[in-house]
Amino acid sequence: MSRYAAYTELSSDVSDPERIKLKDSLKANYELRISMQLRKEKSFSKYFLGTIGSVVSLTLLPIPYTQEFFLEVEVFDNQGRLAKTYSRSASTTKWVEVLLLPVYPFHTEKRKTEEIYVEFLHDVFRQIEADQILRGD
């Protein structure tokens, strides 16, 4: 790849004509377009009720909290046709220990989330390279 551009779509872009024009010009001027969507999901009801149960029981009944992570990647050619789709998913389980909250290292959850996203991206780009989609024929 000799040149590329990165564009992050914002929720306010719907009502911003300049951002829409920029997005359309980027789509028109490049051979390929890679669209990525990262998501993190968890059950609010289980998280909320589990936290209450864990706090009331002073962690005698710890509740696991599962978080799901998803990456969806779509590669389009310069005509806007979908060339290939890639998806990855992972999950983590977190246990809240109320009595250990004062000493628990809180950075581990953020670090694990970042590690998952980085591994997703590395894996998908390795697959894109193996599929030779970016070869520029």
Next on the checklist: What does the charge count around Ser87 come to, taking other residues whose C-beta lies under 13 Å from its C-beta (Lys +1, Arg +1, Asp -1, Glu -1)?
Outcome noted: -1
Checklist entry - Given the Cα-Cα distance of Glu68 and Ile133 and 0.36 nm per residue of separation, how much length would full extension add, in nm? => result 20.6 nm
Checklist outcome for this item: Taking 0.36 nm per residue of separation between Thr108 and Asp123 and subtracting their Cα-Cα distance, the length gained on full extension comes to 3.2 nm
Item to check | Within straight-line cross-link reach of Lys110, lysines at Cα separation under 28 Å, skipping those fewer than 8 residues along the same chain | outcome: Lys40, Lys42, Lys46, Lys94
Next on the checklist: 7 Å from Cα along Cα→Cβ at both Glu9 and Arg81: what's the point-to-point distance in nm?
Outcome noted: 2.2
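No value in this document is a laboratory result; all are computed from the given coordinates. Note that the structure is predicted; figures quoted are calculated from it, not measured. Positions of Cβ are generated from backbone atoms using ideal geometry, with glycine treated the same way; all protein chains shown enter the neighbour counts.
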